[in-house]
1. Whole number please: convex hull volume per residue of the Cα set in the range 148-302, in Å³?
2. Note down the relative contact order for the range 179-263 as a percent, whole number, built from C-alpha pairs under 8 angstrom at least six residues apart.
3. When only Cα pairs under 8 Å and 6 or more residues apart are kept, what is the percent relative contact order across the range 110-191?
4. Express in whole angstrom the spacing between the alpha-carbon centres of the range 70-85 and the range 126-189.
5. Compute the relative contact order of the chain as a whole-number percentage, counting only Cα pairs closer than 8 Å that sit 6 or more residues apart in sequence.
6. Under 4 °C and 1.567 mPa s, how fast does the range 74-160 diffuse according to Stokes-Einstein, given a Kirkwood radius computed over C-alpha pairs? Answer in µm²/s, whole number.
7. Please report, in Å, the Rg and the Dmax of the chain, where both are computed over Cα atoms only.
8. Given the options I196, I120, I300, which has the most mean-square fluctuation in a GNM of the chain, springs set between C-alpha atoms less than 10 angstrom apart?
Amino acid sequence: MAIDLHVYSNGPPGTHQEPPDEDNMSDSSSELVEIDNAEFPSFFEERGDRLFHSHGRSPYPLPIDADEQHRLNRQHALLRGFLDNHYVGPVTEVLRPGARRHVIDLCTGTGRWVMDMAAIFPHVHFDGCDIDNVTFEMHDIADRFRHRNGTVDFVHARDISLCVRNYPALIREVARVLRPGGLFVSCEWDSYPCMIDGTGLGSRAPRTHHYFSLINSALHTLGVRSIAGNVPRFLEQSHVFTDIQCARFTVPVGPWQGGLERTGERLMTNVLVYAQSILPLLLEGEFVSRRDAVGLIEGIGDEIDNVPGIVLVYNTVHARRI
Ligand SMILES: C[S@@+](CC[C@H](N)C(=O)[O-])C[C@H]1O[C@@H](n2cnc3c(N)ncnc32)[C@H](O)[C@@H]1O
């Protein structure tokens, strides 16, 4: 299994050096530097009772502590169960044996996807990029990747919408590193839950609707907007992707849907953990008082328990590099 299990950085944000002459077969154009244990504290800061990453220009507003790690791992498990797979799109074709294969997982989080995929595709080299400590390579996706042009087979971008302000610029960089025929996969949640029957969330689950409105207003102040519905258009407008295919999956929040009870329970737990994790952003921006927030989060729990039919839509897009 070809995974770097050390923690590396390609230097502080914005300090990427231009590649040397492309005179060898390496996929990467700059060296990784292993981060010394003593340096780790400088990458984090405590705010309130939560731990956040402190470096880089990322707008990412969520903590990186145990509750969040569990949320990400739970999300990984729920998506694996719901989709019955770790990926969408022609991944097996793109990663077929016979050549040296290379995958980048953007904003890899706990690295579970990389580890599971590396077990399924043992002949493939996987790089997980993140700005926190738990994964394989520290890299801010707003910076140029260290990989050479046209050397990567597959770039995977799952649940990265809170990490990126300029998605078209990211797509340009993804296109640079992908080989012709290479695959880009994006998977993103809608920014609001909704009702499966099309009725208004505001009337059926008003506290959930209100809390998510506050979240979206706060995210706008960070320059983060919902990208789920825009990824196909961004890919089209780049003029370097073809065979753009999209799907929307309606995932139950709560165990109300027959056959998807476990998925619904996991997503319910994650919505509640997310509501807590995003709270520091809402409090720091004075979007809500702590007392009102506590009431709203309790309200979300009540509504999920008592209003069957709340769903979150999961959007997948895959496209091939021309
Ligand atoms: C919501 S998690 C995504 C988890 C992962 N993709 C998955 O599907 O399990 C977002 C991750 O992106 C990282 N992150 C935030 N901003 C980033 C940036 N600018 N560049 C790279 N990683 C970033 C965070 O540290 C966090 O681990």
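Read the figures in this text as sums done on the coordinates, not as results from a lab. Nothing here was measured: the structure is a model prediction, and the numbers come from that model. Cβ sites come from the backbone with ideal geometry, for glycine too, and all protein chains shown count toward neighbours.
1. Considering the Cα atoms of the range 148-302, their hull volume per residue is 137 Å³.
2. Numbers: 44 pairs, mean separation 17.9, N = 85.
Reported as a whole number, the value is 21 percent.
3. Numbers: 95 pairs, mean separation 21.2, N = 82.
Once normalised by length, the contact order is 26 percent.
4. Centre-to-centre (Cα) distance: 20 Å.
5. 20 percent.
6. The calculation lands on 95 µm²/s.
7. Every Cα atom of the chain included, Rg and Dmax give 19.9, 63 Å.
8. In this elastic network of the chain, the residue with the biggest mean-square fluctuation among I196, I120, I300 is I120.
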